[in-house]
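A.B. asks: To start, I am sharing the structure in question, which I have written as C-alpha coordinates.
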Amino acid sequence: MDTRTPTPGETPQRTALQRSFLRRLLSGTAAMLAVLGLLCLGAVLLSALRGESVWPGFAAGAIYLLPAAFLLMAGLIIDGIRRRRRG
(Lines give C-alpha, C1' and ligand atoms only; values in the text may rest on other atoms or scores of the structure.)
Protein backbone atom coordinates (compact mmCIF):
# COMPACT_ATOMS: atom_id res chain seq x y z
CA MET A 1 0.00 0.00 0.00
CA ASP A 2 1.33 3.43 -0.92
CA THR A 3 1.51 5.59 2.24
CA ARG A 4 3.38 8.60 0.89
CA THR A 5 1.63 11.95 0.75
CA PRO A 6 0.66 13.03 -2.76
CA THR A 7 2.14 16.17 -4.22
CA PRO A 8 -0.21 18.94 -5.37
CA GLY A 9 0.19 17.91 -9.02
CA GLU A 10 -0.83 14.29 -8.45
CA THR A 11 -4.55 13.85 -8.99
CA PRO A 12 -5.16 10.67 -11.03
CA GLN A 13 -6.76 8.92 -8.06
CA ARG A 14 -8.98 11.89 -7.33
CA THR A 15 -9.99 12.10 -10.98
CA ALA A 16 -10.79 8.37 -10.95
CA LEU A 17 -12.93 8.84 -7.85
CA GLN A 18 -14.79 11.73 -9.44
CA ARG A 19 -15.34 9.70 -12.63
CA SER A 20 -16.54 6.74 -10.55
CA PHE A 21 -18.98 8.97 -8.67
CA LEU A 22 -20.25 10.45 -11.94
CA ARG A 23 -20.72 6.96 -13.44
CA ARG A 24 -22.64 5.83 -10.35
CA LEU A 25 -24.79 8.95 -10.47
CA LEU A 26 -25.57 8.46 -14.17
CA SER A 27 -26.28 4.76 -13.62
CA GLY A 28 -28.70 5.57 -10.82
CA THR A 29 -30.37 8.22 -12.93
CA ALA A 30 -30.75 5.81 -15.85
CA ALA A 31 -32.24 3.16 -13.58
CA MET A 32 -34.64 5.64 -12.03
CA LEU A 33 -35.76 6.90 -15.44
CA ALA A 34 -36.29 3.32 -16.64
CA VAL A 35 -38.38 2.40 -13.59
CA LEU A 36 -40.48 5.56 -13.86
CA GLY A 37 -40.95 4.99 -17.59
CA LEU A 38 -42.07 1.42 -16.99
CA LEU A 39 -44.49 2.54 -14.29
CA CYS A 40 -45.94 5.11 -16.70
CA LEU A 41 -46.20 2.47 -19.41
CA GLY A 42 -47.98 0.15 -16.99
CA ALA A 43 -50.42 2.90 -16.04
CA VAL A 44 -51.11 3.59 -19.73
CA LEU A 45 -51.72 -0.10 -20.44
CA LEU A 46 -53.97 -0.57 -17.41
CA SER A 47 -56.00 2.51 -18.31
CA ALA A 48 -56.35 1.29 -21.89
CA LEU A 49 -57.45 -2.19 -20.75
CA ARG A 50 -60.08 -0.70 -18.46
CA GLY A 51 -61.37 1.46 -21.32
CA GLU A 52 -60.60 4.72 -19.56
CA SER A 53 -58.93 7.75 -21.03
CA VAL A 54 -55.21 7.97 -20.40
CA TRP A 55 -53.77 10.96 -18.57
CA PRO A 56 -51.33 12.60 -21.01
CA GLY A 57 -48.62 12.79 -18.33
CA PHE A 58 -48.41 9.00 -18.18
CA ALA A 59 -48.19 8.76 -21.96
CA ALA A 60 -45.50 11.44 -22.08
CA GLY A 61 -43.59 9.68 -19.30
CA ALA A 62 -43.57 6.42 -21.22
CA ILE A 63 -42.64 8.13 -24.48
CA TYR A 64 -39.76 10.23 -23.12
CA LEU A 65 -38.38 8.47 -20.03
CA LEU A 66 -37.73 5.05 -21.55
CA PRO A 67 -35.67 6.32 -24.52
CA ALA A 68 -33.76 8.70 -22.23
CA ALA A 69 -32.89 5.80 -19.91
CA PHE A 70 -31.88 3.67 -22.90
CA LEU A 71 -29.57 6.38 -24.25
CA LEU A 72 -27.97 6.91 -20.83
CA MET A 73 -27.37 3.19 -20.42
CA ALA A 74 -25.97 2.88 -23.93
CA GLY A 75 -23.61 5.79 -23.24
CA LEU A 76 -22.44 4.17 -20.00
CA ILE A 77 -21.78 0.88 -21.80
CA ILE A 78 -19.80 2.63 -24.55
CA ASP A 79 -17.81 4.57 -21.95
CA GLY A 80 -17.05 1.35 -20.08
CA ILE A 81 -15.81 -0.32 -23.26
CA ARG A 82 -13.60 2.67 -24.07
CA ARG A 83 -12.13 2.71 -20.55
CA ARG A 84 -11.31 -0.99 -20.66
CA ARG A 85 -9.58 -0.69 -24.00
CA ARG A 86 -7.48 2.23 -22.80
CA GLY A 87 -6.30 0.72 -19.73
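A.B. asks: Is it fair to say Ala69 is of a type in the set (A, V, I, L, M), at pLDDT 95 or above, touching a Phe, Trp or Tyr at 6+ places or on another chain (Cβ under 8 Å) and surrounded by 14 or more Cβ atoms within 10 Å (Cβ to Cβ)?
C.D. replies: Considered against the rule, which asks whether it is of a type in the set (A, V, I, L, M), at pLDDT 95 or above, touching a Phe, Trp or Tyr at 6+ places or on another chain (Cβ under 8 Å) and surrounded by 14 or more Cβ atoms within 10 Å (Cβ to Cβ), Ala69 comes out as no.
A.B. asks: Let me ask something else about it. With the requirement that a residue be outside any helix (DSSP H, G or I) and either in contact with a Ser or Thr (Cβ under 8 Å, 6 or more places away or on another chain) or surrounded by 14 or more Cβ atoms within 10 Å (Cβ to Cβ) (or both), what does region 31-66 give you?
C.D. replies: Those that are outside any helix (DSSP H, G or I) and either in contact with a Ser or Thr (Cβ under 8 Å, 6 or more places away or on another chain) or surrounded by 14 or more Cβ atoms within 10 Å (Cβ to Cβ) (or both): Ser53, Val54, Trp55.
The values are calculated or read from the model by the stated rules, or taken from the named source; none is laboratory data. For clarity, every value in this text was computed on a predicted model and none was experimentally measured. Because the Cβ atoms are built from the backbone with ideal geometry, glycine has one as well, and the counts that use them run over all protein chains shown.
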